[in-house]
1. Given a 1.4 Å probe and every protein chain left where it sits, what share in percent of the accessible area of the chain is carbon and sulfur?
2. Could you work out the equivalent-ellipsoid semi-axes for region 131-182, taking the square root of 5 times each eigenvalue of the Cα gyration tensor, largest first, in whole Å?
3. Go ahead and set up a Gaussian network model of the chain, Cα springs under 10 Å, then flag whichever of 76, 208, 180 fluctuates most.
4. Determine Rg/Rh for the chain; Rg is computed over alpha-carbon atoms and Rh is the Kirkwood hydrodynamic estimate from the same atoms.
5. GNM, the chain, Cα, under 10 Å: largest mean-square fluctuation among 53, 44, 67?
6. In vacuo Debye scattering of region 158-207, one point per C-alpha: log10 I(q)/I(0) at q = 0.18, 0.22, 0.23 Å⁻¹?
7. Given the options 109, 236, 73, state which has the largest fluctuation in a GNM of the chain using a 10 Å cut-off (strictly under) for Cα springs.
8. Placing +1 at every Lys and Arg Cβ and -1 at every Asp and Glu Cβ, with all other atoms neutral, what dipole size does region 62-197 have around its Cα centre, in debye to the nearest 20?
Amino acid sequence: MVVHRTHTPVIYRVAAGLLRAGMWATSRYEVTGLEHVPDAGGFIVTPNHVSHIDPFPWAHVLYNRGISPVFLAKSTLFDTPVVGWVLRHAKQVRVDRETARASDALGHAVRALEAGECVVVYPEGSLTRDPDLWPMRGKTGAARLALLSGAPVIPIAQWGPQDLLPRYAKRPRLSRRRTTMRIRFGPPVDLADLQGRSITGPLVATATDRIMAAITQELEELRGQRAPATRFDPKAHGLRVTGNYGPGDDR
């Protein structure tokens, strides 16, 4: 039985129970770095993004430890029937990406951190466009939230969800063998020298780069490979920063 660290609505528990059953049936876990997860107080987690299903494995691990992650989720999910209703009643935070309202979510996230919650920000903002699924150029939301709140940032690297549900695929690849989900929680990103200063563009850019570097370093450990020296930038390649950029691309 899970003992929850913070208030967890009934609808959250019901949804988590269903998802946990599905993940146990299709996946097995190899987890390292849990000693870096704070024992108390609010904190931010920043995972890499390789599959639409990848929020579930690492969240499953945290949920089993009594931590109910609060996601900053894209507005289109909130506008989806049933899913939107669940999100609204499960203390999740709406983000209107690429609009003037995108920053509104930060206030809600800061209050959640002050209440001791684990707040999730996918700093890439979308599934990675990198051809080899390395973390691409990060957006500034996670860094701004960290600088505003002072909460620790725990980078998460994961490798394996893309084997169960490839990037942009509509159906999972099910087999008799459960897919191995390799998850690595890293030490808090060192932002101490940036705290307490005026939040400027260069300061946020520095914090963002440190967060993305930490995620990439943990993923290098998981994959046993070196990432490209320069992170992939969708805009530099003429790609949209949100949505499926390539019809039929199911990698």
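1. 54
2. 31, 13, 9
3. Taking springs between Cα atoms under 10 Å, the residue moving most is 76.
4. 0.93
5. Ranking 53, 44, 67 by mean-square fluctuation puts 53 first.
6. Taken in order of the listed q values, log10 I(q)/I(0) reads -0.69, -0.80, -0.84.
7. Per the Cα network of the chain with a 10 Å cutoff, 236 tops the list.
8. It works out to roughly 680 debye.
The values are calculated or read from the model by the stated rules, or taken from the named source; none is laboratory data. Just so you know, these numbers come straight off a predicted model, no measurement behind them. Positions of Cβ are generated from backbone atoms using ideal geometry, with glycine treated the same way; all protein chains shown enter the neighbour counts. Heads up: the accessible areas ignore ligands, DNA and RNA and are worked out on the full protein's heavy atoms, side chains in. Shrake-Rupley method; radii C 1.70, N 1.55, O 1.52, S 1.80 Å.
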